[in-house]
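Read through the structure below, which is laid out as structure tokens, and then see the notes.
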Amino acid sequence: MTGGRAVPPVEVVEYTDPLCPWAWGSEPVFRGLRAALAGRVRWRRVYCILFDHDDDPAPDPAAETAWYARYVEGIAGHTRAPRAVRLSRVAATSWPSSLVAKAAELQGPEVADRVLRRLRETVFVLGEPADTLGAALDAAAGVPGLDARRLAADAASAAVLDGVRADHAEARRPVPEVLAEVPAAPRDSPHPGSAKETPDGGHRYALPTLVVCGPGGRGVVPGWRPYDVYAAAAGAFCPGLPTAPQTLSGAAALTRYGTLTEPERALLTRGAWPPPGAVRVETAGGPLWLAPEEAGTHPATRQTP
């Protein structure tokens, strides 16, 4: 029991990074899966730190940025996720965005989801990765229900730093199922998700990876997969889980999530589109749709003095 409430016996662990392009491309299916599993599982995010402090600096930052922009474009060719018209640079580090994402969890799951989404959009919509604490906090400004002062204090706290350090360590203890070559079955995937070797000779999870743990065992779904593969893994512990995500009207979905990409619109909504008042933001990989209230504070639509 936690606070008088029973803790669900099934845990879903999402290994991710706010600045990971494959995790960004997985947002449609993860949003659908989180909605389907709401109240039935404990969903826990582990921030892997894709861009670490001790990564060697690029000898030619401009060339590295050009290469990485092409890399993201290639991934977006599979995921159909938006990508920035121009990427200003490769993120120097994932630590600030991970600290802010972890701190946002202290304000509840809805705020945490919105803050993490804003952090992802800094790089894949705006082309300005939130790789400093100031940039990460600025990206989160105006999220509905967010206490910005508390977020800044928590993100700078020893407790949140310890939490992200623990995430960093946990992500480098992958389960045996991902250490061998992971088959792309049941469907071919351009990112099947075998564990990645680290500079010290160890391994970390490929991103994203979902591990579902419950009474009697666990299921592991690494890499980029369709919704039904994740649903099957979770359904082994949550009988009766729908094999397709719940859909909402366009207006209800946009109100719920704040922003939607075209793949999310196709997977998670039904009926006429766009809903009244939706704001369209152009990217190099299709539009990002903003709810009217989101457009008032979103970095993509903020007026500069």
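The values are calculated or read from the model by the stated rules, or taken from the named source; none is laboratory data. Keep in mind the model is a prediction, meaning the values are calculated, not measured. Note that each Cβ is placed from the backbone with ideal geometry, even for glycine, and that neighbours are counted across all protein chains shown. We work out accessible area using only protein heavy atoms, side chains counted, and drop any ligands, DNA or RNA first. Shrake-Rupley method; radii C 1.70, N 1.55, O 1.52, S 1.80 Å.
Projecting the Cα atoms of F124, Q107, A141 onto the charge dipole of region 1-149 (Cβ charges, centred on the Cα centre) puts Q107 farthest toward the positive pole.
If you take all other residues with their beta carbon under 14 Å from the beta carbon of R117, and give Lys and Arg +1 and Asp and Glu -1, the sum is -2.
Oblate is the label for region 194-261, because the ratio a/c of its alpha-carbon gyration tensor axes (a ≥ b ≥ c) is 1.5 or higher and a/b is not greater than b/c. In percent, rounded to a whole number, the relative contact order of the chain is 22, using alpha-carbon pairs under 8 Å and six or more apart. Put a plus charge on the Cβ of each Lys and Arg, a minus charge on the Cβ of each Asp and Glu, and nothing anywhere else: the dipole of region 31-173 about its Cα centre is then about 800 debye. Along the Cα-to-C-beta direction of Q246, a point sits 7 Å from the Cα; which residues of region 208-232 have their amide N less than 20 Å from that point? Of the residues in region 208-232, 227-232 have backbone N under 20 Å from the label point off Q246.
Computed over the chain with a Gaussian network model linking Cα atoms closer than 10 Å, the most mobile of E11, E110, E181 is E181.
Here the sum of -39500 (n - 2.57) over DSSP H runs of 4 or more residues, divided by the residues of the chain, equals -11500 deg cm²/dmol at 222 nm, to the nearest 500. Other residues with beta-carbon under 12 Å from the beta-carbon of P274 carry, at +1 per Lys or Arg and -1 per Asp or Glu, a net charge of +1. Length gained on full extension, R165 to R149: 3.5 nm, using 0.36 nm per residue less the C-alpha separation. When a/c is below 1.5 the answer is rounded, else prolate if a/b is larger than b/c, else oblate, so apply that to region 9-55 with a ≥ b ≥ c taken from the square roots of the Cα gyration tensor eigenvalues. Because a/c hits 1.5 or more and a/b fails to exceed b/c, region 9-55 counts as oblate. Accessible surface calculations at 1.4 Å, restricted to protein heavy atoms, place the chain at 45 Å² per residue.
Structural descriptor for region 1-85: relative contact order 37 percent, calculated from alpha carbon pairs under 8 angstrom and at least 6 residues apart.
Each Lys and Arg contributes +1 and each Asp and Glu -1, all at the Cβ; summed about the Cα centre of the chain, the dipole is approximately 960 debye.
Select from V175, V100, V12 the residue whose mean-square fluctuation is largest in a Gaussian network model of the chain (Cα-Cα springs shorter than 10 Å). Result for the chain, Cα springs under 10 Å: V175 fluctuates most.
Within the shell of other residues whose beta carbon sits under 9 angstrom from the beta carbon of A141, the net charge comes to +1, with Lys and Arg scored +1 and Asp and Glu -1.
Placing +1 on the Cβ of each Lys and Arg and -1 on the Cβ of each Asp and Glu in the chain, which of G277, V212, W224 has its Cα farthest towards the positive end of the resulting dipole? Farthest along the dipole direction, towards plus: G277.
Among D167, D55, D138, whose mean-square fluctuation peaks in a Gaussian network model of the chain (Cα, cutoff 10 Å)? Top of the fluctuation ranking is D55. Between A272 and E11, the contour length at 0.36 nm per residue exceeds the alpha carbon distance by 90.4 nm. A Förster radius of 30 Å, combined with the Cβ-Cβ distance separating E73 from E110, puts the computed FRET efficiency at roughly 0.40.
Of the solvent-accessible surface of the chain, computed with a 1.4 Å probe and all protein chains present, 55% belongs to carbon and sulfur.
Quick one: Cα centre-to-centre distance for region 108-183 and region 211-283, in angstrom? Result: 20 Å between the Cα centres.
For W43, the residues whose amide H sits under 5 Å from its own are V12, ignoring neighbours fewer than 5 places away on the same chain, with H placed 1.01 Å from N. Taking the DSSP beta bridges in the chain as the whole, what percent of them are antiparallel, to the nearest 5? Close to 70 percent.
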